[in-house]
Every structure is written in structure tokens, then in C-alpha cells.
Amino acid sequence: MSNYDVAIIGGGIVGVATAMRISERYPGRSIAIVEKEDRLAQHQTGRNSGVIHAGVYYKPGTMKSLFCRAGVDATMQFCDKHAIPYDQCGKMIVATEPDDLPRMAALYERSKENGLNLERLDAKELKRREPRITGLGALFSPTTGIVDFGLVARTMGKEVECHGGDIFKGLEVKAIGEDASGITVEAGDRTIRARHLIVCAGMMADRLARMCHLDLDFQLVPFRGEYFRLGPDKNDIVNHLIYPVPDPALPFLGVHLTRMIGGYVTVGPNAVLAFAREGYRFGDVNLKDLIEIVGYTGFRKLARNHLKLGMQEMANSLSKKRYLALCQKYCPELTVDDFHPYRPGIRAQAVMKDGSIEHDFIIRTTARTIHVCNAPSPAATSALPIANHVVDQAEKQFHWK
């Protein structure tokens, strides 16, 4: 049995950022990260758009709003310190039809409440800055950037190891036991004993919370985001990131053109229900996961409320032409031949029992554990502020000195 002061389950960017912050604030404290894959950042961290979000969309005063805004500078400072390349290229949120204009105006007001300085562009100015993009107008976010979050997370992991922390890979957690003196984690063929536990397990966060006997009013539902990569002849198609105006009732930002830190451009993601928690391909089905999803009352309510949208997303997933049509609203020159395969991702989205989608991060606790239960986008941008918040909470809850 291995003994530690703190165990952290989850080797995504939130987990390793939290471990790094603990090791910095408490240099003598022993830390173990437990990750079920053979490398860090293999799921949501390593399969997202790589966007350093400015915090435009999020309700003022929420954790997402506060942490995302703080996360922009924190992420870039970390990258500067460790020579990780990033590009603060800015983002255009483009209105393509009249119904988008009032939504765009509301988004502009929200951005002001969030302390951001967005620029409003008319169609002529949009075309001047983005000659190959078509729209009725746009909002320009100058602080949005791009980075390889997988590289960021692995660099944080090296920092943890430099401070004396251990990272155990390839160990899937089977059981968690909590008693008056500490926590026991059964993972793979190892038993890890710790005084305290922090869980940052992404798509599996609710299952691990239930292992700790937390009574949850939500369940995580997997939504697959499918991407395409444009060919090399389209590497210069845009100067900024190009996003549509999103539906404010949903947490998804729509299919967008994203300049990637590698110099190429991707298109995506959509948001289609996955039939497995780690179902990265359309044909991936996990019977246990699927039964859990359809058996959950909150999901069935969500599905009834958004049946039309769900069917549209499924159709877009099955048809490149339908997917293309979403992009041609703002970039009409694209064709199906421009779309090349690219890695998909999974968004772990908390759905409440009443069928509503929880837009903010969720953090729950027991006497000796803290669980980051809902951390979808912009969690990568927000990872360092989330880590600071979790460590602050641990100091109070666990009486760390």
C-alpha cells in the first residue's frame, strides 16, 4: 500500500493543475495523481478545439465567468514561463441571418457585464478583416487565443513530478473507501491510502462521486463533438477564429472554424449524443453506458424538450453535406472535398433531474473528498483558477496549514 497526504484522481488539465498548485503551496506534502490511461490528457483536455476562451458567453458572477476571465492570463503566463507556443489571434462571432442580430446584441451586453471589451463590426468591416467570411456583422474578441492544452497539461504534470509528486498511469479506479482517518483508493493492482482525496475525473466524475456515497441531483451525459481538418490550401482561409452566434439556451457554441497552433484549420464541433462515455466514433456503443443514459429521468426530459435539435445534430453527423451547410453560412467557398478526418472529442455535460442542462461548474464534497463534478468547456482555459479554488476550499475544509 502507498501512503500520501493527497490523492488526485484524473490526469486531465484540471487534475494536474490542482496537483501542481498543491505542490507549490505545500512543498512538503506528498501527492499522487491516479490516471486510468497510459498518458495524461487523453480525453477532454487533449481532444478539444484548443481555444483559450475569453469568457464572452457565461452568465456574470458564475464560476465559469470568473474562472475563465482569470484563466486567460494565467494560461498565457504559464505558457510564457515554460516556452509553450500559443497565439492570441482573436475571435469573430459572426451573425449570418437577421435572427442572429438580437442574440449578438445580447451577447455584447453580457460581455460588458463580464468586464470584456468586445468590438462591434458591421458587414463591411467584417469583410475587410476576414475577406473570405460572409456575415451581417460580428463581435470581435481580441483576447481569445489558441494553444495545445494537452501539452500544457503534460508540462504541469512534469512540474508536479519535479516537486516530488507521483503520477500513476494505467490505473483505473475500482473502489473508493472513506473512513475517519483517510481515504483508500483501489486502482488497477494498487491500493493507495491518502488523508484526503480530490477527484477531477471528467466524464467519469459522477461515477466516482457515487463511489464516495454522494447523493447527486445530476448525471453526466456524453456528447460527441465531431471535427474535420481543412486541407493545406485552406491554412490561410481565416485570420481569426470564426464562430456562429450561439443559442443562449444551450451550452454548445456551434460549428466554428478554428486556427490550430500547428498552423492548420479545423471545422467543428457539432454536439451529438454519444452511445458510450468514451464513444469517439459513431459506431461506438457501450451497453452499460447506454442503459444508464436512457434510463436516467433527466436525460429523457432533456430529449423530449430538444428532440428536434437532437435529430438535426444526428443528421448532421451522418451527412457531410448537412455539416458543410452549417459552415457555408459564414464561409460559402468551402466544399465537401475540403473536409478531411480529424480527431473527435467528448463533452461531459451535467444534466439535472428536471431535464435542464447545468451551465456552470459543479463542485461537491464529503468530509475528506472534493469532487469537480461538471467541468466542460471552458474548463481547460479555467484550469488554473479552478485549481486555486479547489486548493482554497481544501485549506478550509481539511484545515491545511
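With the requirement that a residue be among the aromatic types (Phe, Trp, Tyr) and over 21 Å from residue 349 (Cβ atoms), what does the stretch 49-86 give you?
Kept after step one, since they are among the aromatic types (Phe, Trp, Tyr), are these residues of the stretch 49-86: 57-58, 67, 78, 86.
Of everything in the stretch 49-86, those that are among the aromatic types (Phe, Trp, Tyr) and over 21 Å from residue 349 (Cβ atoms) turn out to be 78, 86.
Name the residue that is surrounded by the most Cβ atoms within 10 Å (Cβ to Cβ), counting only residues in the stretch 68-82 that are within 20 Å of residue 375 (Cα to Cα) and in contact with a helix residue (DSSP H, G or I) (Cβ under 7 Å, 6 or more places away or on another chain).
Out of the qualifying residues, it is 71.
Going residue by residue through the stretch 120-142, is there one that turns out to be free of Cβ contacts under 8 Å to residues at least 60 places away in the same chain, in a strand (DSSP E or B) and touching a Phe, Trp or Tyr at 6+ places or on another chain (Cβ under 7 Å)?
Yes: one or more hits.
If I ask for residues that are surrounded by 20 or more Cβ atoms within 10 Å (Cβ to Cβ), within 17 Å of residue 59 (Cβ to Cβ) and modelled with pLDDT of 95 or more, which ones from the stretch 348-383 would you list?
Scanning the stretch 348-383 gives 349, 350, 361, 362, 374, 375, 378, 379, 381, 382.
Residue 187: assigned by TED's automatic domain parsing to the domain that holds residue 40, surrounded by 19 or more Cβ atoms within 10 Å (Cβ to Cβ) and small (Gly, Ala, Ser), yes or no? Lay out the reasoning, then the answer.
Working: assigned by TED's automatic domain parsing to the domain that holds residue 40: yes; surrounded by 19 or more Cβ atoms within 10 Å (Cβ to Cβ): yes; small (Gly, Ala, Ser): yes.
For residue 187, the condition - assigned by TED's automatic domain parsing to the domain that holds residue 40, surrounded by 19 or more Cβ atoms within 10 Å (Cβ to Cβ) and small (Gly, Ala, Ser) - is met.
If you go through the stretch 362-383 one residue at a time, do you hit one that is part of a helix (DSSP H, G or I) and closer than 30 Å to residue 181 by Cα?
yes
Tell me yes or no: at least one residue of the stretch 43-51 is in contact with a strand residue (DSSP E or B) (Cβ under 9 Å, 6 or more places away or on another chain) and either without any contact (Cβ under 8 Å) to a residue 40 or more places away in the chain or over 30 Å from residue 130 (Cβ atoms) (or both). Outline the logic, then answer.
Just the residues of the stretch 43-51 that are in contact with a strand residue (DSSP E or B) (Cβ under 9 Å, 6 or more places away or on another chain), to begin with: 43-44, 46-51.
If we keep only those that are either without any contact (Cβ under 8 Å) to a residue 40 or more places away in the chain or over 30 Å from residue 130 (Cβ atoms) (or both) as well, we get 43.
Yes, the stretch 43-51 contains a residue that is in contact with a strand residue (DSSP E or B) (Cβ under 9 Å, 6 or more places away or on another chain) and either without any contact (Cβ under 8 Å) to a residue 40 or more places away in the chain or over 30 Å from residue 130 (Cβ atoms) (or both).
Return the residues of the stretch 1-26 that are of a type in the set (Gly, Ala, Ser) and either out of contact with any helix residue (DSSP H, G or I) (no Cβ under 9 Å at 6 or more places or on another chain) or without any contact (Cβ under 8 Å) to a residue 24 or more places away in the chain (or both); say none if nothing qualifies. Walk me through it before giving the result.
Here is the first cut: in the stretch 1-26, the ones of a type in the set (Gly, Ala, Ser) are 2, 7, 10-12, 15, 17, 19, 23.
Selection gives 2, 7.
Which one is surrounded by the fewest Cβ atoms within 10 Å (Cβ to Cβ) among residues in the stretch 293-314 that are under 19 Å from residue 217 (Cα atoms) and in contact with a helix residue (DSSP H, G or I) (Cβ under 8 Å, 6 or more places away or on another chain)?
Only one residue tops the list, namely 294.
For the stretch 325-333, check the following and say yes or no: at least one residue is among the acidic types (Asp, Glu), under 30 Å from residue 85 (Cβ atoms), more than 20 Å from the chain's Cα centre (by Cα) and at pLDDT 95 or above. Give the derivation first.
Within the stretch 325-333, the first condition is being among the acidic types (Asp, Glu), and the residues that meet it are 333.
From the residues that got through so far, the ones that are under 30 Å from residue 85 (Cβ atoms) too are 333.
With the extra rule that they be more than 20 Å from the chain's Cα centre (by Cα), the set shrinks to 333.
After this cut, where a residue has to be at pLDDT 95 or above as well, the list is 333.
Looking through the stretch 325-333, at least one residue is among the acidic types (Asp, Glu), under 30 Å from residue 85 (Cβ atoms), more than 20 Å from the chain's Cα centre (by Cα) and at pLDDT 95 or above.
Just to be sure, is residue 259 within 19 Å of the chain's Cα centre (by Cα), over 26 Å from residue 358 (Cβ atoms), in the same structural domain as residue 137 (by TED's automatic domain parsing) and not hydrophobic (A, V, I, L, M, F, W, C)? Walk me through how you get there before you give the answer.
Working: within 19 Å of the chain's Cα centre (by Cα): yes; over 26 Å from residue 358 (Cβ atoms): yes; in the same structural domain as residue 137 (by TED's automatic domain parsing): yes; not hydrophobic (A, V, I, L, M, F, W, C): yes.
So residue 259 passes the test.
Determine if the stretch 209-232 includes at least one residue that is assigned by TED's automatic domain parsing to the domain that holds residue 318, out of contact with any Phe, Trp or Tyr (no Cβ under 6 Å at 6 or more places or on another chain), surrounded by fewer than 19 Cβ atoms within 10 Å (Cβ to Cβ) and under 30 Å from residue 121 (Cβ atoms).
Yes, the stretch 209-232 has at least one match.
Filter the stretch 202-227 for residues that are within 16 Å of residue 278 (Cα to Cα) and acidic (Asp, Glu); which is modelled with the highest pLDDT?
206
Please work out if residue 386 is surrounded by 16 or more Cβ atoms within 10 Å (Cβ to Cβ), among the β-branched types (Val, Ile, Thr) and part of a strand (DSSP E or B).
Values: surrounded by 16 or more Cβ atoms within 10 Å (Cβ to Cβ): yes; among the β-branched types (Val, Ile, Thr): yes; part of a strand (DSSP E or B): no.
The answer is no for residue 386.
Being in contact with a Cys (Cβ under 7 Å, 6 or more places away or on another chain) and closer than 23 Å to residue 367 by Cα: is that true of residue 215 here? Give the steps one after another, and end with the answer.
Numbers: in contact with a Cys (Cβ under 7 Å, 6 or more places away or on another chain): no; closer than 23 Å to residue 367 by Cα: yes.
No; evaluated as a whole, the condition is false for this residue.
Say whether the condition of being under 17 Å from residue 44 (Cα atoms) and not assigned by TED's automatic domain parsing to the domain that holds residue 194 is met by at least one residue in the stretch 335-342.
Of all residues in the stretch 335-342, those under 17 Å from residue 44 (Cα atoms) come to 342.
Next, from what is left, pick out any that are not assigned by TED's automatic domain parsing to the domain that holds residue 194: 342.
Yes - at least one qualifying residue is present in the stretch 335-342.
Would you check which residues across the stretch 341-360 are under 14 Å from the mean Cα position of the chain (by Cα) and farther than 16 Å from residue 222 by Cα and list them?
The one that is under 14 Å from the mean Cα position of the chain (by Cα) and farther than 16 Å from residue 222 by Cα: 360.
Filter the stretch 167-195 for residues that are among the polar types (S, T, N, Q) and part of a strand (DSSP E or B) and give the result.
Once the filter is applied, which keeps residues that are among the polar types (S, T, N, Q) and part of a strand (DSSP E or B), the stretch 167-195 yields 184, 191.
The values are calculated or read from the model by the stated rules, or taken from the named source; none is laboratory data. Here the structure is a predicted model, which is why all the values come from computation and not from measurement. Cβ coordinates were reconstructed from backbone atoms using ideal geometry, including for glycine residues, and neighbour counts include every protein chain displayed.
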